[in-house]
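Enquirer: Structure incoming, see below.
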């Protein structure tokens, strides 16, 4: 593939982004423009071969270009003319390596007892005087909550950002990232936003503020640290480092087909922030949590085990639905979805509860709804596989933090090429 084909792929991805922006604004897609783009992308794919095993960085970029175009074309077709897709096609389309999906059941079977023990420990620690409902609709409460949120976010952003700057070279990028509290429409979901030169992590107030038994506003330090790690160290640094890096334009273009890689990066740094903080008593002191951090750290370990397990139960349920044809009679001896989920659940009520959430999983065309398929974008273990490549070259994270962080956070990659890029970086070190 010549450089002109990579440039052509860049142009396709920018047109995909333009279509997405149009749809966000007008809630429709322009039919002629959409079909013209699909036709041109199909023509491109018919002429450009996929490089399965890139041997150098030029071939890696070429492989990335073709992967991105192929996945975006599949998404456009699936949205323009909805039709049921097979499991393999569905997984490929959303950037989920099949081997990662196949590991879900074994992982759940291995970790369900451990997750159950974590649930019991968290239950014993539960404070029944904790009332997360903030009643933001009440003006007096709203003013107090916003003031408390701004103070907490500012304090944690300065302290954690300063710590990361002193830990890894890419931490300097926090100079271009702001942190602000967000009401997030009552949701506890934080997010990262980029608009022109503006890069901000919006930390959801309902996630980290609460009312105690006396009606006083408190800060859930664990949640605030966790959200900051996910949105700031994960999505924020990934975006900032990529933007200011000297890499091909193709690797700076953000589209839906690479969501799985971005989430793998964010999940890694959501955990890493606690390790960094555990190694920084100075930062603990700045946050006023030195005495209680041991408890916060231990609770986060249990919460991460339990949350990771529950997330994978939902991912496994989505996977089972993706490989099920609606209306098809069950074969003799075949397990029901409920029975399959029961195998990996530590709570008898869990299978029914999860499947109830996914009631109406298929649209009128017999296609699994995108919102359920989207659950699977959190399956890929891109960062784990990338870290393994450094390990093969005797490069551990502690002694090679600058190199590894820069590699993990630079570029918008497909999951397959993300790992190969780490392999090359490790071999070149």
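Enquirer: Do we have any residue at all in the stretch 232-240 that's surrounded by 23 or more Cβ atoms within 10 Å (Cβ to Cβ), in contact with a strand residue (DSSP E or B) (Cβ under 6 Å, 6 or more places away or on another chain), over 23 Å from residue 405 (Cα atoms) and touching a residue at least 12 places away in the same chain (Cβ under 8 Å)?
Expert: Looking through the stretch 232-240, none of the residues is surrounded by 23 or more Cβ atoms within 10 Å (Cβ to Cβ), in contact with a strand residue (DSSP E or B) (Cβ under 6 Å, 6 or more places away or on another chain), over 23 Å from residue 405 (Cα atoms) and touching a residue at least 12 places away in the same chain (Cβ under 8 Å).
Enquirer: Hey, residue 282 hits all of (1) assigned by TED's automatic domain parsing to the domain that holds residue 161; (2) surrounded by 14 or more Cβ atoms within 10 Å (Cβ to Cβ) but one; which does it fall short on?
Expert: (2)
Enquirer: Of all residues in the stretch 84-102 being exposed (fewer than 15 other Cβ atoms within 10 Å of the Cβ) and out of contact with any helix residue (DSSP H, G or I) (no Cβ under 8 Å at 6 or more places or on another chain), which is farthest from residue 343 (Cα to Cα)?
Expert: If we take residues in the stretch 84-102 being exposed (fewer than 15 other Cβ atoms within 10 Å of the Cβ) and out of contact with any helix residue (DSSP H, G or I) (no Cβ under 8 Å at 6 or more places or on another chain), then 86 is farthest from residue 343 (Cα to Cα).
Enquirer: Among 219, 180, which is the only one that is in the same structural domain as residue 273 (by TED's automatic domain parsing), surrounded by fewer than 18 Cβ atoms within 10 Å (Cβ to Cβ) and touching a strand residue (DSSP E or B) at 6+ places or on another chain (Cβ under 8 Å)?
Expert: Just a single option satisfies the conditions, and that option is 180.
Enquirer: What is the residue count in the stretch 230-255 for residues that are part of a helix (DSSP H, G or I) and out of contact with any helix residue (DSSP H, G or I) (no Cβ under 6 Å at 6 or more places or on another chain)?
Expert: Adding up the residues that qualify gives 7.
Enquirer: On to the next question. Residue 396 - would you say it is without any contact (Cβ under 8 Å) to a residue 24 or more places away in the chain, in contact with a helix residue (DSSP H, G or I) (Cβ under 9 Å, 6 or more places away or on another chain) and on the phi < 0 side of the Ramachandran plot?
Expert: yes
Enquirer: When you go through 150, 172 one by one, which is the residue that is touching a strand residue (DSSP E or B) at 6+ places or on another chain (Cβ under 8 Å), free of Cβ contacts under 8 Å to residues at least 40 places away in the same chain, surrounded by fewer than 23 Cβ atoms within 10 Å (Cβ to Cβ) and part of a helix (DSSP H, G or I)?
Expert: Answer to the selection: 150.
Enquirer: Determine, yes or no, whether residue 428 is within 25 Å of residue 102 (Cα to Cα), without any contact (Cβ under 8 Å) to a residue 12 or more places away in the chain and surrounded by fewer than 16 Cβ atoms within 10 Å (Cβ to Cβ).
Expert: Taking the combined requirement at face value, the residue does not satisfy it.
Enquirer: Being without any contact (Cβ under 8 Å) to a residue 40 or more places away in the chain and part of a strand (DSSP E or B) is the filter; apply it to the stretch 202-216 and report the residue that is surrounded by the most Cβ atoms within 10 Å (Cβ to Cβ).
Expert: Only one residue tops the list, namely 204.
Enquirer: Residues that are at pLDDT below 95 and in contact with a strand residue (DSSP E or B) (Cβ under 9 Å, 6 or more places away or on another chain): does the stretch 73-84 have at least one?
Expert: Scanning the stretch 73-84, I find at least one residue that is at pLDDT below 95 and in contact with a strand residue (DSSP E or B) (Cβ under 9 Å, 6 or more places away or on another chain), so the answer is yes.
Enquirer: Would it be correct to say that residue 45 is closer than 19 Å to residue 250 by Cα, at pLDDT 95 or above, surrounded by fewer than 18 Cβ atoms within 10 Å (Cβ to Cβ) and in contact with a helix residue (DSSP H, G or I) (Cβ under 9 Å, 6 or more places away or on another chain)?
Expert: Spelling it out, residue 45 is indeed closer than 19 Å to residue 250 by Cα, at pLDDT 95 or above, surrounded by fewer than 18 Cβ atoms within 10 Å (Cβ to Cβ) and in contact with a helix residue (DSSP H, G or I) (Cβ under 9 Å, 6 or more places away or on another chain).
Enquirer: Spot the failing condition for residue 314; the list is (1) without any contact (Cβ under 8 Å) to a residue 12 or more places away in the chain; (2) in a helix (DSSP H, G or I), and only one is missed.
Expert: Among (1) without any contact (Cβ under 8 Å) to a residue 12 or more places away in the chain; (2) in a helix (DSSP H, G or I), residue 314 violates only (1).
Enquirer: Still on this structure: List the number of the failed condition for residue 335; all other conditions in (1) assigned to a helix (DSSP H, G or I); (2) farther than 30 Å from residue 404 by Cβ hold.
Expert: With (1) assigned to a helix (DSSP H, G or I); (2) farther than 30 Å from residue 404 by Cβ applied to residue 335, the lone miss is (1).
Per-residue answers, yes or no, for (1) at pLDDT below 95; (2) outside the structural domain of residue 242 (by TED's automatic domain parsing); (3) assigned to a helix (DSSP H, G or I); (4) under 19 Å from residue 170 (Cβ atoms):
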position	(1), (2), (3), (4)
351	yes, yes, yes, no
355	yes, yes, yes, no
371	yes, yes, yes, no
374	yes, yes, yes, no
386	no, yes, yes, yes
398	no, yes, no, yes
416	no, yes, yes, no
425	no, yes, yes, yes
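Enquirer: Please find, within the stretch 320-349, the residue that is nearest to the chain's Cα centre (by Cα) out of those that are modelled with pLDDT under 80 and farther than 18 Å from residue 83 by Cα.
Expert: 335
The values are calculated or read from the model by the stated rules, or taken from the named source; none is laboratory data. This one's a predicted model, so the numbers in the text were calculated from it and none came from an experiment. Positions of Cβ are backbone-derived with ideal geometry, glycine not excepted, and every protein chain shown enters the neighbour counts.
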